[in-house]
Amino acid sequence: MAGAGRTPFDRAAERRGTAADHLVVGLGNPGDRYVGTRHNVGFETIGLLAERHGAKLSAAKREQALVAEVTIGGRRVVLAQPTTYMNLSGESVARLVPRYGITDPRDLTVVHDEMDLPVGRLKVKFGGGAAGNKGIQSIDRHLHTPDYVRVRIGVGKPPHPRAGADYVLKRPPAAERGELDVVVQEAADAVELIIGEGVAEAMSRFNRR
């Protein structure tokens, strides 16, 4: 069948017009009931970046996302929050990538919560496993590759191994919320550094903490 095996990055190469330089996707769940939960720190990072750069997120219905276009370090950057719910994030990302002409996976950054990191820790990496994050698993499937930049925000492990889903969908206590507020600021800083100076510089600066 014609086009079989093509990835969203392949389709992006066929796009006409001016492409974005970078796409930043923050993962989370839409709706008021999920605001402030551990699972939504990716959404919070996107909201903060939009605020920093004077933009407002608006609906892109075909891409199933809220998006804003900003300029960071002289580069055209698209910020996005998928509205598909976390476990189906890949459906949105697979539409955002060709829509904005992202042909190189290094020009895609995904910000997400990470239970394998302690609360308040931040790590930047390129590629690798999903560590059980269903949103990342969905993106890997739809992009046909795990090779893109991740900004991982530590939310810590639940008290019981089988309580992961309930844990990330709850709002943390005040002290922990304060730590997450700080690390969301750092995640936004990391995204700006990735765009301005590259993923290696961001890894060097943030992964030593």
- Single residue of K134, K125 found to be touching a residue at least 40 places away in the same chain (Cβ under 8 Å), within 17 Å of L169 (Cα to Cα) and of a type in the set (K, R): K134
- Item | Number of positions in the range 67-102 that are farther than 24 Å from K134 by Cα and among the polar types (S, T, N, Q) | 1
- Listed residues G164, G198, G156; which is in contact with a helix residue (DSSP H, G or I) (Cβ under 9 Å, 6 or more places away or on another chain), surrounded by 13 or more Cβ atoms within 10 Å (Cβ to Cβ) and either of a type in the set (F, W, Y) or at pLDDT below 95 (or both)? G156
- Can you spot a residue in the range 123-144 that is in contact with a helix residue (DSSP H, G or I) (Cβ under 8 Å, 6 or more places away or on another chain) and farther than 30 Å from A12 by Cβ? no
- Message: Here's a check for you: in the range 1-51, which residue that is in a helix (DSSP H, G or I) and among the hydroxyl-bearing types (S, T, Y) is nearest to I102 (Cα to Cα)?
- Response: T45
- Just checking, how many residues over the range 167-195 are in contact (Cβ under 8 Å) with a residue 24 or more places away in the chain, in contact with a helix residue (DSSP H, G or I) (Cβ under 8 Å, 6 or more places away or on another chain) and hydrophobic (A, V, I, L, M, F, W, C)? 10
- Candidate set from the range 63-81 (those that are buried (at least 23 other Cβ atoms within 10 Å of the Cβ) and in contact with a Gly (Cβ under 8 Å, 6 or more places away or on another chain)); member that is farthest from D107 (Cα to Cα): Q81
- Query: What number of residues in the range 44-62 are surrounded by fewer than 16 Cβ atoms within 10 Å (Cβ to Cβ) and polar (S, T, N, Q)?
  - Reply: 1
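The values are calculated or read from the model by the stated rules, or taken from the named source; none is laboratory data. No experiment lies behind these values; they were computed from the predicted model shown. Note that we place each Cβ from the backbone using ideal geometry, even for glycine, and neighbour counts take in every protein chain shown.
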